[in-house]
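These notes are about the structure you will find just below.
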Amino acid sequence: MDPKLVLFTHVGRTGGDFLINSVQRSLGTNLAVHFDTKQSAWEFLGRCPVPFLFGLKFMAGHGVYYGLHQQIRRPTTYSVLFRDPVDRIISQYYSYLTDPSYEMHKRFVESGITLEQFGTTYRNDHANYILGYGNYRKTLPEICDLNEAIEVLERDYCFVGTTEQWYFSFYLLAQILGITQPPLLGRRRVNENRPALNEVSEGTRDYLAAQNELDLALYRYAQARLERQILALSKEQLSEVTAWTGVFQAAAELSRDLDPELFDHACLQECFAPEGKRVLLVDGLEADQGLSKQAHVLFETLNEKYNCKINLASTIQVETSEPAKTRKILAGLNIESVKQEVDLIVILARAGESYSIRNPLLDAGFPKPRIRCLFREVFQG
């Protein structure tokens, strides 16, 4: 039986961008696609080759509303992240108001729209997605539609998470998608130009809650459903969630000083293992000590502070500027001993220079799948 394609209905300001990026980094863009508009999603479905469509695992974006499954010629299921609707509306309002990169920014500035007006005009946005308003459904959802919305969530949504429990939510979705390791990304996008929830007047908060009564009820449903799933996790799974959370937090911390895009994700994925991986670093960055230091800081932070169980067996320093000398050093390795004592060799070198390390290792008989380069701009194996 064909596995179901997971459709992610991305409601704004819920942590959906970070979730989509995490899935795409883990699965690759050939298995996970993203659309910001309904039009782009429909155009994709109209021209997508059947083999590619049937190979997809994940389709996400603001353009993925409930009802899109009717346009897809294979089994589908839905997924969604909820967020406290009052907090979400405040976040979205101030994003549009303060960030010129949004198309809505100019309209907000020129019209002088207030937070209360925004919360009334764009109310119950979660329900709009869940019930397919504007596409699958033509009437604006109201509180009387709560039972119908919950029925849709129960029947057609395999995953319902919350922004407030983002790490648990991503872990549960990852199990559905077959993702076995957490991706190493930077920090989640946070709107720093908005007031905290408790800094908005109680009267305004109450007004927004009343205008979004249906979304508030759906959010409470989502909280309860997610809590039941979390309580059903085993001790081993809870430990794994803790480890995954550590990886995400490590990436966020490291991104203050390091560029997460610098590192090859496939290499880092192979370094993670529940029982730990024994890693031999072959450092050919003698001409760039700064980059070499970044690489070591990365592994030390992941290993020591967040207990990612990457065992740095040892480091060999080589000089890629002198290939003959490098080859002699690597040829002197007892390759059979290395095969037994090391799970993975990670090369630290820039483009081109990595070959002077990789090739002697291959010539000596070290298996190609167990040789990786840390940096994205170098040979990736």
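Observations on the model:
- Note on Gln175 and Asp288: the extension gain reaches 36.7 nm, defined as 0.36 nm multiplied by sequence separation minus the Cα-Cα distance.
- Accessible surface calculations at 1.4 Å, restricted to protein heavy atoms, place the range 101-197 at 51 Å² per residue.
- Förster radius 41 Å - calculated FRET efficiency between Lys235 and Glu43, Cβ distance, rounded to 0.05: 0.30
- Among beta bridges that DSSP assigns inside the chain, antiparallel share in %, nearest 5: 5
- Reduced Cα scattering model of the range 1-126, Debye log10 I(q)/I(0), q = 0.11, 0.19 Å⁻¹: -0.45, -1.05
- The relative contact order of the chain comes to 15 percent, based on Cα pairs under 8 Å that sit 6 or more residues apart.
- With the helix formula -39500 (n - 2.57) applied to DSSP H stretches of n ≥ 4, the chain reaches a computed 222 nm mean residue ellipticity of -14000 deg cm²/dmol.
- Peptide ranges 69-80, 12-23 listed from the most packed, as the mean C-beta count within 10 angstrom indicates: 12-23, 69-80
- Out-of-range pairs (alpha-carbon distance over 21 Å; input Lys339/Lys368; Lys293/Lys339; Lys106/Lys138): Lys293/Lys339; Lys106/Lys138
- In this structure, the amide hydrogen of Val64, modeled 1.01 Å from its nitrogen in the peptide plane, lies closer than 5 angstrom to those of His10, counting only residues at least 5 positions away or on a different chain.
- Sites Asn311 and Lys138 - FRET efficiency at Förster radius 45 Å, r taken between beta-carbons, to 0.05: 0.15
- Along each principal axis, taking the top coordinate minus the bottom one, the Cα set of the chain gives 76, 49, 43 Å in descending order.
- Calculated FRET efficiency for the pair Ala252/Ala331, C-beta based, R₀ 45 Å, to 0.05: 0.65
- For the range 1-120, carbon and sulfur atoms together expose 52% of the accessible surface, with a 1.4 angstrom probe and every protein chain in place.
The values are calculated or read from the model by the stated rules, or taken from the named source; none is laboratory data. Worth saying up front: this structure is predicted, and the values here are computed from it rather than measured. A quick note on method: Cβ atoms are made from the backbone with ideal geometry, for glycine too, and the neighbour counts reach across all protein chains shown. For accessibility, only protein heavy atoms count, side chains too; no ligands or nucleic acids. Shrake-Rupley method; radii C 1.70, N 1.55, O 1.52, S 1.80 Å.
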